[in-house]
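Chemist: Below is the structure I would like to discuss, written out as structure tokens.
The values are calculated or read from the model by the stated rules, or taken from the named source; none is laboratory data. All of these numbers come straight from a predicted model, not from anything done at the bench. Quick reminder, even Gly has a Cβ in these numbers, built from the backbone with ideal geometry, and neighbours come from all protein chains shown.
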């Protein structure tokens, strides 16, 4: 094989994957059909997962669990230096260790973070591979480095990238004129908010198995996007896409870190090629923390102007964000889009450091931006003695870009406010932040959320009916824990008058019709309409077949209770299996998710209301109750949707109170590369969580009127907790995780200023 | 742990011993038969302690007996997943921080990643694969399905194993007791609230309420 290409060289095409996916067809037809308003029997109900039995019996096959005949185990040698030139690599000793079947250099001349890949080996078992790594001789020429944002920003600090300064402006956007806006304000304020680097830590560490059959490569990958990994691999290996197949059955969490092809997957393919045997690489927990992504930090300074009646006159944001050797996250969406404001300015800078590359982390940028901006809004509200919810209502808008853009196709945020306020008992909040007395103080807070979630046109699905009456629904999408299999079965069953258990769902394979990767709340709004359209095609075909037998026109036939029946004369029925038999052979019906009508903005919305308890002596925060109201169009499966909301909130509590990557500045070492020192919320930290959905159907987004829900519940929770803490004790903790030391410091500063 | 009835047979050099210990599978390829019975010893202040580079053990896993030759460094998790292909038990943190590999050893929940396989010799082990009776799911398994006590499902076997044993010891737990009992397990998707609900409902079912 020719030399492989480095992923950083093709990264740009990867990052724009979602955009390019839109252009897979020369012209995407606009959604032409009317949005369906009818009541459904199965869609939108609480339906248990169709694959639950496999999961609870331990039979669901995850990539970690797969074994192939003659399979070798691969390991990657990683740089012990944050930055160094590689002078030489000697693989000979490793190659001669009995049991070692392949050893390769990964072709990097310079390593740019501790953990960067250098070489790889494959051996009969993991222990031998591990031992072989120790026999690889690498001569490094260590170079000066900067692993913290502070150090990187210093004058004369070592350059992380040769061609780019450590501080790099990547976003500069404005509308109106902020200076004019500030002049119109009765009150202005300026505060800085900080969020740390977080690590995804999916339960199943990243893992890939590569197997060649001649020039054809099959990869089993723990991934959120089989097609995205396939395309990335073909590019990296310089082979045609048609020669690569990627399979994913079950995956133990990804949260954005498993969207694209990874270095270890390429390494597995290269090793397998050399060894002429399949190679499996499973990353260790430490590698997972170092090498396969994290959520960028942020240091956001907001300035805002507001009139006494709550009118926002100007908003500005300056953000420094670090994604290690990669660009940081754009955190501007909340300030830019959610509330009416004519004058907004945003400047965002990446701060490069010699640390592992970032990857999208569930709601990239929005999590950080919302913590900063929604917290800042509460501080503004306090300065004009206004109920923070009232401030948000005052600046409500039905057009995007702060009322300066196009209308939202649908926006149920006002309804979210109503539901949330009622269910948390918003009147119980301290009218003035910090009003309460005693050691343990109660407080209420809230925050709003915006996300995309319109889905990706061009996503495909097939419904296949066999002559025995059994039914497949097929798409090259994937279930990453959100219940894709189940909603596909539900929609197909609904449309064909069957039960979800009657449907066999086939997903997670690039041999199936193309679907977008599962991230960015894309799966439901992309796949659900495609499935619905394929199933409708099938239903219409069956109806036509039944007209002769039932002696009624197709328009009079419905599919229900495993039968086709006449609406006007319900006595006239024919069994689904009988009609299927008349197909004589298996028949496939195609469906596609069509385009989004132009002239509208497609966004999902929500608001979280939180009750906390703050111990003013210990600085400990306890979240007591969370009411989460979300508007994501028509919900496909309430059961899994509620779980997704609960999960987003749990992860958000973890963000707000515990999680942070800690680096040793002197050596560049990651100090907490495990699940003990890197604190993650556990059962003991759980409040009561009430997920609520605003039942509305977007009139034009797709045939089912459904939007994405993956990221939304992850977005506002940390800000809502910070605002509740502010309401409880009268100081705003402007940095997460809000650990006891930060709470106590904030309280002390407040005392000192009194 | 088994005591010291093992006789010293086929003594091997210290060098071979270390080789067998560190580069396990390599040793296995070279001389499995020689090493099968092998016992070495080290001298300590308390006297001679037998050290096994490999040992034959018998495990009863889900009521099925397995006799295996294991290396002393191998954990119960290694043996379950790699040797017996019981991959329902997951490796998540691999160092006793997340509870993902919880199995029952003589009816006690343990982290299989921290439990050496040689210690399990002669013991009864139950894994997620052995929980259902034929087609009939254990009540905890059923309520995890009914109340969606999972998302990606990777931590689920660990939670279910921990929960089944907990409900044996405490058939009528309070919500706080459930929370505490399961606090050694991490669910990264964050579905604790529903896991607790599933366990609470299973408790009711098992009590016939």
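Chemist: Within the stretch B:100-153, considering only strands (runs of 3 or more DSSP E) that don't extend past its boundaries, which have at least 2 residues that are farther than 17 Å from residue B:81 by Cα and more than 10 Å from chain A (Cβ to nearest Cβ)?
Modeler: B:108-111
Chemist: If you go through the stretch A:704-754 one residue at a time, how many are assigned to a loop (DSSP other than H, G, I, E, B) and free of Cβ contacts under 8 Å to residues at least 40 places away in the same chain? Step through it out loud before you land on a result.
Modeler: At the first step, the residues of the stretch A:704-754 found to be assigned to a loop (DSSP other than H, G, I, E, B) are A:704-705, A:707-711, A:715-716, A:730-734, A:736-739, A:754.
If we keep only those that are free of Cβ contacts under 8 Å to residues at least 40 places away in the same chain too, we end up with A:733, A:754.
So the count comes out to 2.
Chemist: Does residue A:77 satisfy the condition of being at pLDDT 95 or above and within 24 Å of residue A:254 (Cα to Cα)? Step through it out loud before you land on a result.
Modeler: Values: at pLDDT 95 or above: yes; within 24 Å of residue A:254 (Cα to Cα): yes.
Answer is yes for this residue.
Chemist: Sort out which residues of the stretch B:186-209 are more than 20 Å from residue A:644 (Cβ to Cβ) and either at the interface with chain A (Cβ under 10 Å from one of its Cβ atoms) or not in a loop (DSSP other than H, G, I, E, B) (or both), and write them in order of number.
Modeler: Within the stretch B:186-209, B:199, B:200, B:201, B:202, B:203, B:204, B:205, B:206, B:207 meet the criteria.
Chemist: Could I ask something else about it? From A:350, A:345, which residue is surrounded by fewer than 24 Cβ atoms within 10 Å (Cβ to Cβ) and either modelled with pLDDT under 95 or not assigned by TED's automatic domain parsing to the domain that holds residue A:112 (or both)?
Modeler: A:345
Chemist: State yes or no: is residue A:713 surrounded by 22 or more Cβ atoms within 10 Å (Cβ to Cβ), modelled with pLDDT of 95 or more and under 25 Å from the mean Cα position of the chain (by Cα)?
Modeler: Yes.
Chemist: Please count how many residues of the stretch B:79-99 are more than 7 Å from chain A (Cβ to nearest Cβ), touching a helix residue (DSSP H, G or I) at 6+ places or on another chain (Cβ under 9 Å) and surrounded by fewer than 20 Cβ atoms within 10 Å (Cβ to Cβ).
Modeler: 4
Chemist: Across the stretch A:62-92, what is the total count of residues that are closer than 24 Å to residue A:282 by Cβ and more than 8 Å from chain B (Cβ to nearest Cβ)?
Modeler: 17
Chemist: Name the one entry in A:375, A:454 that is at pLDDT 95 or above, crowded, with 19+ Cβ neighbours inside 10 Å and either closer than 18 Å to residue A:605 by Cα or over 25 Å from the mean Cα position of the chain (by Cα) (or both).
Modeler: Residue meeting the stated conditions: A:375.
Chemist: Okay, next question. Outside any strand (DSSP E or B), at pLDDT below 95 and surrounded by fewer than 18 Cβ atoms within 10 Å (Cβ to Cβ): which single residue out of A:179, A:162 fits that description?
Modeler: A:162
Chemist: Are any of the residues in the stretch A:638-648 surrounded by fewer than 24 Cβ atoms within 10 Å (Cβ to Cβ), within 23 Å of residue A:450 (Cβ to Cβ) and more than 13 Å from chain B (Cβ to nearest Cβ)?
Modeler: No, the conditions are met nowhere in the stretch A:638-648.
Listed here are the residues, each with its yes/no results for (1) in a strand (DSSP E or B); (2) over 28 Å from residue A:202 (Cβ atoms).
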| position | (1), (2) |
| --- | --- |
| A:597 | no, yes |
| A:606 | yes, no |
| A:624 | yes, yes |
| A:628 | yes, no |
| A:636 | no, no |
| A:645 | no, no |
| A:650 | no, no |
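Chemist: Return yes or no: is residue A:666 buried (at least 22 other Cβ atoms within 10 Å of the Cβ) and either closer than 29 Å to residue A:740 by Cα or within 14 Å of another protein chain (Cβ to nearest Cβ) (or both)?
Modeler: no
Chemist: Another question, then. Using the structure shown, decide if residue A:673 is within 14 Å of chain B (Cβ to nearest Cβ), modelled with pLDDT of 95 or more, touching a helix residue (DSSP H, G or I) at 6+ places or on another chain (Cβ under 9 Å) and not in a helix (DSSP H, G or I).
Modeler: It is true that residue A:673 is within 14 Å of chain B (Cβ to nearest Cβ), modelled with pLDDT of 95 or more, touching a helix residue (DSSP H, G or I) at 6+ places or on another chain (Cβ under 9 Å) and not in a helix (DSSP H, G or I).
Chemist: If residue A:616 satisfies all but one of (1) crowded, with 21+ Cβ neighbours inside 10 Å; (2) more than 14 Å from every other protein chain (Cβ to nearest Cβ); (3) touching a helix residue (DSSP H, G or I) at 6+ places or on another chain (Cβ under 8 Å); (4) over 30 Å from residue A:145 (Cβ atoms), what's the number of the condition it fails?
Modeler: So residue A:616 meets the others, but not (1).
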